[in-house]
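The values are calculated or read from the model by the stated rules, or taken from the named source; none is laboratory data. Since the structure is predicted, the reported quantities are computational estimates derived from the model, not experimental observations. A quick note on method: Cβ atoms are made from the backbone with ideal geometry, for glycine too, and the neighbour counts reach across all protein chains shown. The accessibility values were calculated without ligands, DNA or RNA, using every heavy atom of the protein model including side chains. Shrake-Rupley method; radii C 1.70, N 1.55, O 1.52, S 1.80 Å.
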Amino acid sequence: MTEFQTFSKMKELMTAYYFEAKTTKEKPIAWITSGAPVEFLFAMDIIPIYPENYAAMCAANHQSVELMEAAEAQGFSQDICAYARTDFGADILQGGPVGGLPAPHFLLCSTNICKTVIKWYEVIARKYDVPLFIVDTPFVHDGLTDDLLEYTVAQFKDLEQFLARITGRPFDHEHLAEVLRLSQEAAAYWKKILFLARTVPTPINSLDSFIHLGPIVTLRGTQGCVDYYQALYEEVAGRAADKIPSVPGERYRVLWDNLPVWFKMRRLENFFQERKCALVVTTYANSWGGLSNYEDEEMADPYRLLAASYLNVYINYGFEERIRYLSGLMDEFSLTGFIMHSNRSCKPYSVGMYRLQEELSQRTGRPGVVIEADQNDPRVYSDAQIEARLDAFIESMEAAS
Amino acid sequence: MRFWGGIDVGSLSADAVIIDEEGRLLGHAILPTGRDSREAGSRAYAGALEAAGLTPGDVVRVYSTGYSRARVREAEGAKTEIACHARGAHALYPDVGTIIDIGGQDSKAIQVGKGGRVLNFVMNDKCAAGTGRFLEVMAGALETPLDHLDELAAQSTETLTISSICTVFAESEVVSLISQGKKPADIAMAVSRAIARRTVGLATRVGVSGRVVMTGGVAKNRAVVDLLAEILGAPVDVPDEPQIVGALGAALFARDERG
């Protein structure tokens, strides 16, 4: 990982966040999916807790296997998302980096990231006997339509009433406006940071951005999140100006599609460093920059803005749009190739990937490779097999250059 | 005269070749990898040198390939098996368009362009379905030596199906067919068809074009090769010694490095 000064600030921020969540007596706790409209929660002073983020932390700390085994022992199939299994296990054993998550008062999930979350959150709702609010975000096949926006906005209005009932006070629209502003500001910094990777050589690589995702996922809508990314932006921008590479001797510039392999961060980092290959941009980290995409007059309505940005996430849109987006990144970031992580856990992210690879290679004339791995389950990962494929991919970039 | 070497240490076998300036094959050796891959590579190399009537001092440079390529003591450089199979097959068949390589623990299809350049490739996912190991396990269940499996399949008269793609489940299928009193020849044929179908699926994904060449140990199984050709609807060429194509490619890369 590139050694950013700012990193210690992130640790402080995340520790304070989990500490407050574990100790608070006043604030309600809501478990929430990574792509759900958290702004409504912060508007009502509710602490959002992200089981996905926690599961990733467990895997990065090499604790996911034990937790998944506990879930599997209770009958959860190995074919279920490894995040879900890790979290079920953490809940059963009260294990993981912070000794399990604080119990939820209610749950909020959104289907823009997958449909697994519905069943996953139903399991939690039953176990804790708490209410579950589902924001149904339909798949965007051919661009956003008014119908899609209105359907989603209507659910936001229901969500406000739901939150008013839970907290016993009227929904705070003024606070929502403030939270939304902070959320947009953080997303804008995040996007600017990721865009600094257009610099050759890149001052930040994708393994860095995976690590630095924590606050934008969990704390967007807070001032602390804005401050953090502002500081990180300034540091990375300084490095870009000074041409300090994140991968010394950068020779290849590559896109990474899909989630990281959390339990292999260190090994993959060394692997890519040795080969002077920088992972420059990812569809995954980019997903949290969306809120800053809308500044037009037509998006003056905050509800429509939120609806648009939560519908318009990479894995919630169709094949043509994905191809168009990926091809754009290949040029914009001056890439020499792309890696697609066919992720056993994340089916909606991985479906159609071989077709996507073929199409993207044809359109851009640049090589790509698909690796079969998993975001959280080391038991379905083989170093030798993955690295043989990655080496062959790097050879093909070498041959093409 | 100057000579170059290639050593391919895979999961099941260690193969080595010696070539001359023209890329002509002077000697080769194929040995089981066993538990010490470094030692296996050295022994295969010694065997190839002996077959060529040469000593290590005669060899300018050695390249390695295969899963244990980084562990080969004699090698000055390494290339992946994908690049090496493409290079080696192209040397043997200059008009090759598609390579199907089935080794011990993986199978791959490679699309080859001009000069043996890799255009695209696909490999099996992490499971052993459709690999040499699959055949090895099935041969074990049939109590037939691996290199006799195709002779056995040739005597098949009844069409049976192995439906599972998983090596472990397919083995239970074989065992249950045996217990149903099915003929070993028919089972051997069903096993060969299972691996051929799986491989065609892989090859189709990368796109089959031009001359199709099959390399790797499984190419020695005539039944699998014939079934592949039948399902693909195209002839499949197999080099005289398909197992050393990767090592040959490595030797050619060693020769082409300047100096």
Find all pairs meeting these conditions: Cβ atoms under 7 angstrom apart; at least six residues apart or on different chains; first residue within the stretch B:116-127 and more than 7 Å from chain A (Cβ to nearest Cβ); second residue in a loop (DSSP other than H, G, I, E, B) and open to solvent by less than 20 Å² (accessible area, probe 1.4 Å).
-> B:Leu119/B:Gly113; B:Asn124/B:Asp106; B:Asn124/B:Gly130; B:Asn124/B:Thr131
Taking the stated definitions as given, is B:Lys108 touching a residue at least 40 places away in the same chain (Cβ under 8 Å) and of a type outside the set (Ser, Thr, Tyr)?
-> yes
Checking B:Arg35 against (1) of a type in the set (Lys, Arg); (2) closer than 30 Å to B:Arg205 by Cβ; (3) free of Cβ contacts under 8 Å to residues at least 24 places away in the same chain, which single condition isn't satisfied?
-> (2)
Could you tell me whether B:His90 is within 14 Å of chain A (Cβ to nearest Cβ), over 22 Å from B:Asn124 (Cβ atoms) and part of a helix (DSSP H, G or I)?
-> yes
Taking the stretch B:206-219 and keeping only residues that are assigned to a helix (DSSP H, G or I) and out of contact with any helix residue (DSSP H, G or I) (no Cβ under 6 Å at 6 or more places or on another chain), one is left with B:Val206
Out of (1) within 18 Å of B:Ile231 (Cβ to Cβ); (2) open to solvent by less than 40 Å² (accessible area, probe 1.4 Å); (3) assigned to a helix (DSSP H, G or I); (4) not β-branched (Val, Ile, Thr), what's the single condition that is false for B:Arg193?
-> (2)
Some residue of the stretch B:99-109 being more than 14 Å from chain A (Cβ to nearest Cβ) and modelled with pLDDT under 95 = yes
So which pairs qualify, if the first residue must be in the stretch B:231-242 and at pLDDT 95 or above, the second must be open to solvent by less than 50 Å² (accessible area, probe 1.4 Å) and of a type in the set (Phe, Trp, Tyr), the Cβ gap must be under 9 Å, and the two must be at least 6 apart or on different chains?
-> B:Asp237/B:Tyr93; B:Pro239/B:Tyr93
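Within the stretch A:218-251, track down each residue that is among the aliphatic types (A, V, I, L, M), open to solvent by 10 Å² or more (accessible area, probe 1.4 Å) and either in contact with an Asp or Glu (Cβ under 6 Å, 6 or more places away or on another chain) or assigned to a helix (DSSP H, G or I) (or both).
So the first thing to find is which residues in the stretch A:218-251 are among the aliphatic types (A, V, I, L, M), and the list is A:219, A:226, A:231-232, A:236-237, A:240-241, A:244, A:247.
Among the residues that remain, those that are also open to solvent by 10 Å² or more (accessible area, probe 1.4 Å) are: A:219, A:231, A:237, A:240-241, A:244.
Listed by number, the residues that qualify are A:Ala231, A:Ala237, A:Ala240, A:Ala241.
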Of all the residues that make up the stretch A:321-336, how many are touching a residue at least 40 places away in the same chain (Cβ under 8 Å) and either touching a Cys at 6+ places or on another chain (Cβ under 7 Å) or of a type outside the set (Val, Ile, Thr) (or both)?
-> 9
Any chance B:Glu21 is outside the structural domain of B:Phe134 (by TED's automatic domain parsing), open to solvent by 40 Å² or more (accessible area, probe 1.4 Å) and touching a Phe, Trp or Tyr at 6+ places or on another chain (Cβ under 7 Å) | no
In the stretch A:46-69, is there at least one residue being under 30 Å from A:Ala308 (Cβ atoms) and among the polar types (S, T, N, Q)?
-> yes
Quick one: which helices (runs of 4 or more DSSP H) lie wholly within the stretch A:325-401 and hold at least 1 residues that are open to solvent by 10 Å² or more (accessible area, probe 1.4 Å) and away from chain B (no Cβ under 13 Å)?
-> A:347-350, A:353-364
Are any of the residues in the stretch A:374-382 over 30 Å from A:Glu178 (Cα atoms), small (Gly, Ala, Ser) and in contact (Cβ under 8 Å) with a residue 24 or more places away in the chain?
-> no
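Among the residues of the stretch A:192-205, write down those that are touching a helix residue (DSSP H, G or I) at 6+ places or on another chain (Cβ under 9 Å) and either at pLDDT below 95 or assigned to a loop (DSSP other than H, G, I, E, B) (or both).
Result: A:Thr199, A:Thr202, A:Pro203, A:Ile204, A:Asn205.
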B:Gln111 passes all but one of (1) surrounded by fewer than 24 Cβ atoms within 10 Å (Cβ to Cβ); (2) within 17 Å of the chain's Cα centre (by Cα); (3) closer than 30 Å to B:Asp186 by Cα; which number fails?
-> (3)
Would you please list the contacts, defined by Cβ atoms under 7 Å and residues six or more apart or on different chains, that run from a residue in the stretch B:201-218 that is closer than 17 Å to B:Leu119 by Cα to a residue that is open to solvent by less than 10 Å² (accessible area, probe 1.4 Å) and hydroxyl-bearing (Ser, Thr, Tyr)?
-> B:Leu202/B:Ser107; B:Ala203/B:Thr98; B:Val208/B:Thr98; B:Ser209/B:Thr98; B:Gly210/B:Thr98; B:Val212/B:Thr98
If you scan the stretch A:120-139, which residues turn out to be touching a residue at least 12 places away in the same chain (Cβ under 8 Å) and not in a helix (DSSP H, G or I)?
-> A:Val130, A:Pro131, A:Leu132, A:Phe133, A:Ile134, A:Val135, A:Asp136, A:Thr137, A:Pro138, A:Phe139
Which numbered condition A:Ala188 fails, given (1) farther than 18 Å from A:Ala300 by Cα; (2) in a helix (DSSP H, G or I) | (1)
Residues of the stretch A:160-193 classified as in contact with a strand residue (DSSP E or B) (Cβ under 9 Å, 6 or more places away or on another chain) and surrounded by fewer than 19 Cβ atoms within 10 Å (Cβ to Cβ), total | 2
With respect to A:Glu52, is the statement that it is surrounded by fewer than 16 Cβ atoms within 10 Å (Cβ to Cβ), among the charged types (D, E, K, R) and modelled with pLDDT of 95 or more true?
-> no
Taking helices (runs of 4 or more DSSP H) that do not extend beyond the stretch A:36-119, which have at least 1 residues that are without any contact (Cβ under 8 Å) to a residue 12 or more places away in the chain?
-> A:64-73
